[in-house]
Amino acid sequence: MPNNDKLIIGGQEIGNRFFTGTGKHASNAIIPQIVEHSGIEVITVALRRVDLSSPQENILNYIPKQVKLLPNTSGARNAQEAVRIARLARATGCGNWIKIEVISDNKYLLPDNYETVKATEILAKEGFVVLPYVSPDLMVAKALVDAGAAAVMPLGAPIGTNKGLQTKELIRILIDEIKLPIIVDAGIGRPSEAAEAMEMGAAAVLANTAVATAKDPVLMARAFCQAVEAGRKAYLAGLGPTRDVADASSPLTGFLD
Amino acid sequence: MSFYDIYQEAKNIDFEQHWQSVTDNDILRILTKERLDAADYLTLLSPRAADFLEPMAQRAHRLTVQHFGHTMLLYTPMYLANHCANHCLYCSFSALNKLKRKKLSLAQVEEEAKAIAATGLKHILILTGESPAHSPVSYIADCVGVLKKYFDSISIEVYPLSTEEYAQLVAVGVDGLTIYQEVYDEEMYKHLHPRGPKRDYRYRLDAPERGCKAKMRTVNVGALLGLEDWRKEAFFTGLHADYLQNKYLDTEIGISVPRIRPNVGGFSPKVDVTDRHLVQIILAYRLFMPRAGIAVSTRERAELRNHLIKLGVTKMSAGVTTEVGGHSEKDSAEGTGQFEISDNRGVDEIKQMLLSQGYQPVFKDWQCIDGEMPGESV
Ligand code: SF4
């Protein structure tokens, strides 16, 4: 793989294309270990869990300095709440990257694309590097490009389901049509599924549940990093075409030559 | 349409007949289903399902970890007042009972807040007896104004309010509502609530829905277990939660599973809800609603609570007193409590216990973001 194969978001180079989250771990203390053993460069944190007033409970204290913090607006039910959380995140010192997560459906936890576009528009204008989490939809992705998003994060399957790339065809269309980095977020349960997304040309993959609920989260994070890297290499190498049937040993139309 | 219509239909189900017809195979089939319907939930509450607690527990544990991770939200109740206009037969605060009545001044609320905040908790549940005269909405709102300085999330467990009143409290920073129907069986409800405004079954039943309409972030329902046949009561509670979740997708619906505890009035429960029963309720509910919150209070003993952590519970109270002012004035407040608690452990002890089980105690899981921010332009 060329050493210079870097993902660039908001002007910043990212070498490791596997991103993870912090929400479901048994202890925050595992986060530095994950980073140390996997070289993860981007970690998303729900601002709703950040407790600045308490040093032991403040999750930010567990995130190593070299890691790019991607605060998210988890808990927001509409654009207005997402915008407020984003501003709070910036005021709190979490930087200007923000993952917009607007969920107004507690049954399936599907993102509200409409409200997400609205929030993206407002925050991009305010100078945020906005990474919106959406259901994969081409028109919505185009609207996000117009709104000033820095990447688009379509779900592979609903959050926490570990069901893999259920939305594969739709994500493929986004990869083909949208010039921004497409980061597959949510639903990815296995490293092999992450590799598949990368082979398709996704720019990165984010998985939290699959890592946090593994028996050995540190090892699982490494497995994901390696799978994402392998998938990226395969994409860059250019996958050979797939065939429905094997080549006939003697061509049937050879007599025509 | 309100949940009352659903209750009217559901109460006519031939429960006994349904439960008697349940076979082992029915239960095994349900345990492999991806989505459960109300009939499946009813089946999991059957006497026969009691033989399947272990496989139900395995599934409930997996689902809970999948959706909530290894985390447990901690909160504590704060009693603002114990004045009450009702005569609930099962509660120490009943107007009939001789009890030291008390209501915290705003200065006292602040003292309580400081004492609780010192333990690190960020989520708080404020309670009053049901006396709009002593604890009007304006008083609750004033208390919230004080508490906001110390806590990130404030829930209420007070008498049922109108949608407008709930909205008023949401506007000042309340984000959660807990309101128990106590007993869903309408006849029994009338019997247990002989006098007072609480006698209005329907007004109480529709209160959680009014909370959803007023944009509470979280709404918790529950039946006080022991007042009636627990299988039916748990079924109605689950139906209620399901009804609300389907209709108000943007509200996080949860249930609580309070069992009746010793109280000043000396009321003893009609129905014995054993630990096994409680476990069956929690498991059936988790399988029915995989993403819903389940809260267990300190009504339950420490050892049982330790075990319930892996069975689907997502919220626990810690460092609890049911006395008015009990957090800051340990001596003077005694005798004003609503009921006896069973788990006296402090926040640190609960925290250590969770960590030893491989769970992360979560002190903050939301931050009230009400009020205008500079540059607000949405
Ligand atoms: S249960 Fe509530 S309404 Fe009834 S007596 Fe107790 S505090 Fe009053």
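Only the coordinates and a few stated rules stand behind these numbers; no lab work does. Here the structure is a predicted model, which means the values were calculated and not measured. Quick reminder, even Gly has a Cβ in these numbers, built from the backbone with ideal geometry, and neighbours come from all protein chains shown.
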**Item:** Cα lying deepest toward the dipole's positive end in segment B:29-178, options B:His67, B:Phe52, B:Asn86, charges on Cβ
**Value:** B:Phe52
**Item:** GNM top mover of B:Leu249, B:Leu99, B:Leu278 - chain B, alpha-carbon springs below 10 Å
**Value:** B:Leu249
**Asked** What relative contact order, as a whole-number percentage, does segment B:110-243 give when Cα pairs under 8 Å and 6 or more residues apart are counted?
**Response** 23
**Message:** If you average the alpha carbon positions of segment B:295-310 and of segment B:341-359, how far apart do those two centres end up, in angstrom?
**Reply:** 10
**Message:** Test of understanding: in a Gaussian network model of chain B with alpha carbons linked when under 10 Å, which of B:Val146, B:Val320, B:Val296 would top the mean-square fluctuation ranking?
**Reply:** B:Val146
**Complete:** Assertion target for B:Thr128, A:Thr92, B:Thr314, A:Thr116, ordered by fewest C-beta neighbours within 10 angstrom first, is A:Thr92, B:Thr314, B:Thr128, A:Thr116
**Label-to-label distance, nm, for residues given as B:Gln58 and A:Lys107 (7 Å Cα→Cβ offset)** = 3.0
**Request:** Tell me, for chain B, which Cys residues have no other cysteine's C-beta sitting closer than 4.7 Å.
**Result:** B:Cys84, B:Cys143, B:Cys212, B:Cys368
**Prompt:** R0 = 60 Å: FRET efficiency of A:Leu252 with A:Gln226, Cβ-based, nearest 0.05?
**Reply:** 0.90
**Complete:** Given the candidates A:Thr22, A:Asn61, A:Ala46, the one whose Cα lies deepest towards the positive end of the charge dipole of segment A:1-77, counting +1 at each Lys or Arg C-beta and -1 at each Asp or Glu C-beta, is A:Ala46
**Prompt:** Contour minus end-to-end for B:Asp24 and B:Gln357, with contour as 0.36 nm per residue of separation and end-to-end as the Cα-Cα distance?
**Reply:** 116.6 nm
**Request:** Over the whole of B:239-251, what's the average partner chain Cβ count within 10 Å per residue? Rounded to a whole number, please.
**Result:** 2
**Fill in**
Mean projected area, convex hull of alpha-carbon positions in the protein assembly as shown, reported to one decimal in nm², is 33.0
**Request:** Report, in debye and to the nearest 20, how large the dipole of segment A:1-50 comes out about its Cα centre when Lys and Arg carry +1 and Asp and Glu carry -1 on their Cβ.
**Result:** 300
**Prompt:** Is chain A best put as rounded, prolate or oblate by its Cα gyration tensor, with a ≥ b ≥ c the root eigenvalues, rounded for a/c under 1.5, and otherwise prolate when a/b is larger than b/c, oblate when not?
**Reply:** prolate
**Complete:** The FRET efficiency for A:Ser27 and B:Arg301, from their Cβ-Cβ distance with R0 = 35 Å and rounded to 0.05, is 0.85
**Prompt:** Lysine pairs, Cα distance under 16 Å, 8 or more residues apart or cross-chain: how many in chain A?
**Reply:** 9
**Item:** A:Asn4 versus B:Ser162: modelled label distance in nm, points set 7 Å from Cα along the beta carbon direction
**Value:** 7.0
**Prompt:** Roughly what would the spin-label model give for A:Glu36 and B:Asp51, points 7 Å off Cα along C-beta, in nm?
**Reply:** 5.2
**Request:** For B:Asn344, put the label point 7 Å out on the Cα→Cβ axis and report which residues of segment B:116-148 keep their amide N under 20 Å from it.
**Result:** B:116, B:119
**Message:** What's the magnitude of the charge dipole for the protein assembly as shown around its Cα centre, counting Lys and Arg as +1 and Asp and Glu as -1 at the beta-carbon? Answer in Debye, nearest 20.
**Reply:** 900
**Asked** What share of the DSSP beta bridges in chain A is antiparallel, in percent to the nearest 5?
**Response** 15
**Asked** In terms of the Cα gyration tensor, with a ≥ b ≥ c the square roots of its eigenvalues, is segment B:1-86 rounded because a/c is under 1.5, prolate because a/b exceeds b/c, or oblate?
**Response** oblate
**Tilt relative to chain B, helix B:53-68 - C-alpha long axis, 0 to 90 degrees, to 10** = 50
**Request:** Compute the separation of the alpha-carbon centres of segment B:155-227 and segment A:188-208 and state it in Å as a whole number.
**Result:** 45
**Prompt:** Roughly what % antiparallel, to the nearest 5, for the DSSP beta bridges in segment A:1-140?
**Reply:** 25
**Request:** Could you tell me which of B:Ile350, B:Ala284, A:Met153 has its Cα farthest along the dipole of the protein assembly as shown towards the positive end, charges placed at Cβ (Lys, Arg +1; Asp, Glu -1), taken about the Cα centre?
**Result:** B:Ile350
**Relative contact order for segment B:103-154, counting Cα pairs under 8 Å that sit 6 or more residues apart, in percent** = 56
**Request:** Starting from the amide H of B:Leu177, placed 1.01 Å from N in the peptide plane, find each other amide H under 5 Å away whose residue is 5 or more places distant or on another chain.
**Result:** B:Ile156, B:Thr218, B:Val219, B:Asn220
**Message:** Explain nothing, just the number: dipole magnitude of chain A about its Cα centre with +1 on each Lys and Arg Cβ and -1 on each Asp and Glu Cβ, in debye rounded to the nearest 20.
**Reply:** 700
**Request:** Among DSSP beta bridges whose residues both lie in the protein assembly as shown, state the antiparallel percentage, nearest 5.
**Result:** 10
**Asked** Tell me, what is the percent relative contact order of chain B, built from C-alpha pairs under 8 Å that lie six or more residues apart?
**Response** 24
**Item:** Whether segment B:111-162 is rounded, prolate or oblate, judged on the alpha carbon gyration tensor where a/c under 1.5 counts as rounded
**Value:** prolate
**Prompt:** Under the definition of partner shielding as Cβ atoms of other protein chains within 10 Å of a residue Cβ, what is the mean value for peptide B:351-357?
**Reply:** 1
**Asked** Between segment A:21-68 and segment B:74-152, what's the alpha-carbon centroid distance in Å?
**Response** 35
